[in-house]
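Report on one structure; see the data block that follows.
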Amino acid sequence: RHPASITKIMTLILIFDAIERGQISLTDTVTVSEYAASMGGSQVFLEPGETQTVETMIKCISVASANDACVAMAEYLCGSESEFVRQMNERARGLGMKDTTFVNCCGLDTEGHMTSAYDVALMSRELTVNHPEIHNYCTIWMENITHVTAKGSSEFGLTNTNKLIRQYEYATGLKTGSTSLAKYCVSATAEKDGLELIAVVMAAPDYKVRFADATTLLNYGFGKCR
């Protein structure tokens, strides 16, 4: 299946891996390139030359699903998106994601950019188990960031694309995605009584079905598992 923005789970894994290694820190400053600023789809309208901290970029990616922030981080970490994508695919192979090929770091529809629900669950587990601090970001409902550009300073509101954060009492994340090819996708994480579950839904016909199906799966899991 085409994964749309749930691709960003792997992007976040590489970012948090780099923080853990001490290669980058949350307070580092990232400069946005022309190319990163040109990304279509969901974005936070970063401008060429604008700077933001790594932490702000993580918020933009995990809360607002910002394609421009993904590419800016890919370039910051690896010099180019293509090298970052190579590392995404390498990391996927290491996790046993046999049905996955990443072509970009943000999930915009492109030929050959494919994964499976099972593989999405594998990378979701990797991100949440090894970097549980992701939950501090992906559970933010609304927050403002500040753009500082040649035109001056302006506030921009991030609103979480994952409505389960509000609608489902056990929700802890993780990532949504939707494009015309992928339809509506979600990797939904939840915790109840110390049990953590992941439900992955791909190609739902609309966003309501995506969240309803994820809720059904999670409730089933909490009813069956201890």
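The values are calculated or read from the model by the stated rules, or taken from the named source; none is laboratory data. None of the values given here were measured: they were computed from a predicted structure. Methodologically, a virtual Cβ is constructed for each residue, glycine included, from the backbone with ideal geometry; neighbour enumeration extends over all protein chains shown. Remember, those area values only see protein heavy atoms, side chains included, never the ligands or the DNA or RNA. Shrake-Rupley method; radii C 1.70, N 1.55, O 1.52, S 1.80 Å.
Taking segment 41-64, which residues are among the acidic types (Asp, Glu) and on the phi > 0 side of the Ramachandran plot?
none
Within segment 178-226, work out how many residues are outside any strand (DSSP E or B), among the small types (Gly, Ala, Ser) and either out of contact with any Gly (no Cβ under 8 Å at 6 or more places or on another chain) or open to solvent by 30 Å² or more (accessible area, probe 1.4 Å) (or both).
The total comes to 6.
Show me the helices (runs of 4 or more DSSP H) entirely contained within segment 1-117 in which 2 or more residues are out of contact with any strand residue (DSSP E or B) (no Cβ under 8 Å at 6 or more places or on another chain), open to solvent by less than 10 Å² (accessible area, probe 1.4 Å) and within 21 Å of residue 174 (Cβ to Cβ).
8-21, 54-64, 67-78, 81-94
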